[in-house]
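The values are calculated or read from the model by the stated rules, or taken from the named source; none is laboratory data. Please read all numbers here as calculations on a predicted model, not as lab measurements. Here the Cβ is made from the backbone with ideal geometry for all residues, glycine too, and neighbour counts use every protein chain on show.
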Amino acid sequence: MPQSDSSRRFGVCVFAGVEEHPLAEALPYLDAALLRGATLVMTSLHLPEMDLRRAADECRQIAERTRAANAMFLADVSPRALDMLGATPADLSTLASMGLDGVRPDYGFSPADLAAIALGRQLALVLNATDTEERVLATLADRGCALAGTWAFHNYYPRPETGIDLATVIQRGAVLRRHGLQIAAFAASHGRRRGPVFGGLPSVEDLREIPCAAAAEVLFATHAVDAVLLGDPSLDIAEADRLASVSEREVVQIRAERDGTASRQEQEVMEAVHRCWSVAPYLVRTGNPAARSAAPAIPRRNTVDRPAYSITIDNDQYSRFAGTLHVTRRALPADDRVNRVGRVRPADRILVDLLQPGDRFQFVWMG
C-alpha cells in the first residue's frame, strides 16, 4: 500500500527477546503493518523478562524488515541496558550493529548523556516527550544538538490509572513544538496486550479502553501528536488496518446520529467535508461556501431546542446564513431559523471540543 501524503504517521511495537511474545508470531504482523504504511517500529531493551542475547538477534531480524520498508526502528533503553550491551551514550556501536536506527533514553540519563548520543550520530536520539523539561532542551541546543525534526515519544503506562491526560499532551506539545520536534504517543491494543499486567500500553489514561483507531483520532485532533503507535504487541492486523486508515487522512471523522428525516438540501450539507471557521463559546461554526451554494434553499424543519452537541443547519429564514452548519457547544433554545438535523455521539464529543479554526471534519452518520 503506498504511503499517503498525510503528515500523520503510525507505528507498532514488537518486543524482542521476550519468550511470552515469540518473534515468529510477531513477524507476519510486522510485515502487514509495514505494508500498510507503518513508518515507526519500537522495541524495548530494558524489560526485566528480556533475554538480552536473544533480543540482539531478534532486533537484527526486525531491522531487515524495517530497513526494506524505509521505517525507523528504535528501542527504549536504560543506563543498565547500555551497560549490559557494552555500550555508553558516546558509543552505541553495539546497538547500531543490531540494526537500530535510534534510541529513546527512558530514565536515568543526564543532559550530558543525551547530548553525547545526539552528537555521536551513531543512532538518532529520540527524546521522552512526557518528561523532558524545557531546560534540558535548551541545554541540548546550547551544546550544538540539532533538535529540529527530532522525534519525542510520550511514555506508555502498563498500570491502569497511571497514564497522563490530554491536557498534558497538549501542554507538552506546545513546549516541544517550539524546538521543532515531532511527537508520538501510544494507543492501547484490544487484541494482544503485553504482560504481566495486560492492562494495555497507552499514553493517555482516558483512552486506555477505547479502540486504538478512536484513540488515534483524539490524539491527532489535539494537534500535539504527529504519530500514534500501538503500544501493545497486538498481532491483530485489523487493528493495524484501522490505525493506518486514521493516519492516512487529515479530516477528523465524527460519529453522529440523524434527527428525523433530512431534506435533500440538508443531506447535501450534512455529507460534506466541513472546515471549522471559528469556535465560539456557544457553537462551532463552519465556513463552507460550497455547501451553502449547493443548498440555496433550506426549508424550515425541526426548529426545536438544541442540546449541547446538536448539529444544526440554518434554514432559509436566516438570509445569507442559510445552509450554514453549526455544532452547539452549549444547550441553546429553539430558533425558527435553525433546523436541528442530528447530534454527535457521546464518545466523539471530545473531538468537537478539540476542533480548531481551519480543521476539516466530516460526520459519519450512524443512523
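Numbers at a glance
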| quantity | calculated |
| --- | --- |
| Exclusive hit being modelled with pLDDT of 95 or more, crowded, with 17+ Cβ neighbours inside 10 Å and hydroxyl-bearing (Ser, Thr, Tyr), set Thr162, Thr139, Thr130 | Thr130 |
| Filtered residues of the range 119-150 (kept if out of contact with any helix residue (DSSP H, G or I) (no Cβ under 7 Å at 6 or more places or on another chain), touching a residue at least 40 places away in the same chain (Cβ under 8 Å) and farther than 15 Å from Arg178 by Cβ) | Ala124, Val126 |
| Qualifying positions in the range 208-220 - without any contact (Cβ under 8 Å) to a residue 40 or more places away in the chain, within 17 Å of Pro346 (Cβ to Cβ) and among the aliphatic types (A, V, I, L, M) | Ala215 |
| Subset of the range 262-295 that is at pLDDT below 90 and farther than 19 Å from Trp365 by Cβ - its residue that is surrounded by the most Cβ atoms within 10 Å (Cβ to Cβ) | Arg292 |
| Residues that are surrounded by fewer than 23 Cβ atoms within 10 Å (Cβ to Cβ) and over 26 Å from Ile170 (Cβ atoms), drawn from the range 216-237 | Leu235, Asp236, Ile237 |
| Condition met for Arg135 (assigned by TED's automatic domain parsing to the domain that holds Ala96, farther than 24 Å from Gly231 by Cα and part of a helix (DSSP H, G or I)) | yes |
| Hey, Ala240 crowded, with 22+ Cβ neighbours inside 10 Å, within 24 Å of Leu23 (Cα to Cα) and of a type in the set (A, V, I, L, M, F, W, C) or not | yes |
| Single residue of the range 62-89 satisfying the filter (among the polar types (S, T, N, Q) and surrounded by fewer than 18 Cβ atoms within 10 Å (Cβ to Cβ)) that is nearest to Ala152 (Cα to Cα) | Ser78 |
| Pairs with Cβ under 8 Å, 6+ apart, first in the range 181-203 and more than 11 Å from Leu230 (Cα to Cα) and assigned by TED's automatic domain parsing to the domain that holds Glu20, second of a type in the set (Lys, Arg) and surrounded by fewer than 18 Cβ atoms within 10 Å (Cβ to Cβ) | Ile183/Arg177; Val197/Arg159; Gly199/Arg159; Gly199/Arg193 |
| Hits in the range 83-112 - residues which are in contact with a helix residue (DSSP H, G or I) (Cβ under 8 Å, 6 or more places away or on another chain) and farther than 20 Å from Gln61 by Cα | Met84, Gly86, Ala87, Thr88, Pro89, Ala90, Asp91, Pro105, Gly108, Phe109, Pro111 |
| Residue identified as among the small types (Gly, Ala, Ser) and in contact with a strand residue (DSSP E or B) (Cβ under 8 Å, 6 or more places away or on another chain) among Gly163, Gly191, Gly144 | Gly163 |
| Ile298 vs. criteria modelled with pLDDT of 95 or more, crowded, with 21+ Cβ neighbours inside 10 Å and either touching a strand residue (DSSP E or B) at 6+ places or on another chain (Cβ under 6 Å) or not hydroxyl-bearing (Ser, Thr, Tyr) (or both) | no |
| Filter result (crowded, with 21+ Cβ neighbours inside 10 Å, farther than 17 Å from Arg104 by Cβ and of a type in the set (Val, Ile, Thr)) within the range 173-215 | Val204 |
| Residue among Ala26, Ala56, Ala32 that alone is over 28 Å from Asp226 (Cβ atoms), touching a residue at least 40 places away in the same chain (Cβ under 8 Å) and either in contact with a Cys (Cβ under 7 Å, 6 or more places away or on another chain) or small (Gly, Ala, Ser) (or both) | Ala56 |
